[in-house]
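Asks: Quick one: structure below, then a few questions.
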Amino acid sequence: DVSEYLQAVQASSVLACIFCILGLFVFVAQLYTLPKGRRFLFSGIFQLLAWLCIMIAASIYTEIFHKDERFGSYGASFILAWISVCLTFISCVTYFVLRKKTA
């Protein structure tokens, strides 16, 4: 049923937002509390989980709701979802690289 897929997309999107916000709060907390070698690890993990949730939501949305698109009229939300997949992955990698440079 299409409504179940839509609920899965919505749930994954909400989880991605929650993980991004938690990653931001954890980043600020780690900045002031942890020693240099262990900083940004948990922030990177939260960003990785957010990336995974965004990827799942965008993939389900693409597969189920745009199966028969022949002219590419996906809309702004579709394009923004895939841009956010790329940006979240870059953010995740940045946190892990920052962790390595401060160790």
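The values are calculated or read from the model by the stated rules, or taken from the named source; none is laboratory data. Quick caveat, the model's predicted, so the values are computed rather than measured. Neighbour counts are summed over all protein chains in view; Cβ atoms, including those assigned to glycine, are modelled from backbone coordinates with ideal geometry.
Asks: Which of (1) surrounded by 13 or more Cβ atoms within 10 Å (Cβ to Cβ); (2) at negative phi does Phe40 not meet, given it meets every other one?
Replies: (2)
Asks: Identify, from the list Tyr32, Tyr61, the residue that is over 12 Å from the mean Cα position of the chain (by Cα), part of a helix (DSSP H, G or I), closer than 13 Å to Ser84 by Cβ and not basic (Lys, Arg).
Replies: Tyr61
Asks: Give me the pairs: first residue in region 46-66 and in contact (Cβ under 8 Å) with a residue 12 or more places away in the chain and closer than 22 Å to Asp1 by Cβ, second residue outside any helix (DSSP H, G or I) and among the charged types (D, E, K, R), beta-carbon distance under 8 Å, and six or more apart or on different chains, which are they?
Replies: none
Asks: Take Ala16 and tell me if it is over 22 Å from Val97 (Cβ atoms) and in contact with a helix residue (DSSP H, G or I) (Cβ under 7 Å, 6 or more places away or on another chain).
Replies: The answer is no for Ala16.
Asks: Just to check your reading of the model, which residue among Val9, Val2 is in contact (Cβ under 8 Å) with a residue 60 or more places away in the chain, among the β-branched types (Val, Ile, Thr) and within 13 Å of Ile60 (Cα to Cα)?
Replies: Exactly one residue qualifies, and that residue is Val2.
Asks: For region 38-58, name all the residues that are hydrophobic (A, V, I, L, M, F, W, C), assigned to a helix (DSSP H, G or I) and at pLDDT below 80.
Replies: Scanning region 38-58 gives a single hit, Leu41.
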